[in-house]
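Working notes, beginning with the structure itself.
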Amino acid sequence: MKGVGVALRSGYWCECTTFTPGSGEAAELVGSFDADSVSQVLAWIRVAVREIAPALDKEAAEAAYEWMASGCRSTRQALMAGQADTLTIAHGRTVITWAVRRVLFLPLAHRAGDRLPECADRFTAIPIKRLKADRTQSASE
C-alpha cells in the first residue's frame, strides 16, 4: 500500500498489577492507562496511590507518601529520558506495582469507543511482567 501513511502517536503505556508471592497465582492486571504525557502518567499514579494510601499498613503508607512527596521526581526524570519505570509498594503479602514505558500507539479503534471491531473481545490484557516470566520459562524448558 504505497503512499498510505499511518500516523503513530507517541505516549506512555501504564499498568497497575497486584501479586502475592508464594500464592501460585500470576500477577493480576488491576488497571491500565494510555497517557500522552509524563504529567498524565504521574497524575494517574498519584491519584491511585493517594486513594489506597489510607488503607495501607504503616510501612507501605510511608512508602506511598514518600513517592508522592519526592520519589515521583525520579519517575519523571526516567520517563523524560525514555526509560521505563516502576513504583512498587508492598502491603502485607501483596505487592502492588505501577509500570510505565514509552510506546508508539498505532491508531486502530479507541478502546472506549461505542463500536469496537469484532476482534476486540477475542483478546485479554496480559501484564507486562507475566509476559516476561512466560517467555523466560518457555526458553528454559
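For the set Tyr65, Tyr12, the ranking by accessible area, highest first and with no ligand, DNA or RNA atoms included, is Tyr65, Tyr12 under a 1.4 Å probe. Our summary of shape: the Cα atoms of the range 23-63 have principal axis extents of 34, 27, 13 Å, ordered from largest down, in whole angstrom. The figure for Trp98 is an accessible area of roughly 10 square angstrom, using a 1.4 Å probe on the protein chains alone.
Based on C-alpha pairs under 8 angstrom that are at least 6 apart in sequence, the range 3-67 has a relative contact order of 24 percent. Remark: the Asp36-Met68 segment gains 9.5 nm on full extension, using 0.36 nm per residue and subtracting the alpha carbon distance. Against the criterion of solvent-accessible heavy-atom surface with a 1.4 angstrom probe, Arg50, Arg9 sort, most first, into Arg50, Arg9.
The values are calculated or read from the model by the stated rules, or taken from the named source; none is laboratory data. None of the values given here were measured: they were computed from a predicted structure. We work out accessible area using only protein heavy atoms, side chains counted, and drop any ligands, DNA or RNA first. Shrake-Rupley method; radii C 1.70, N 1.55, O 1.52, S 1.80 Å.
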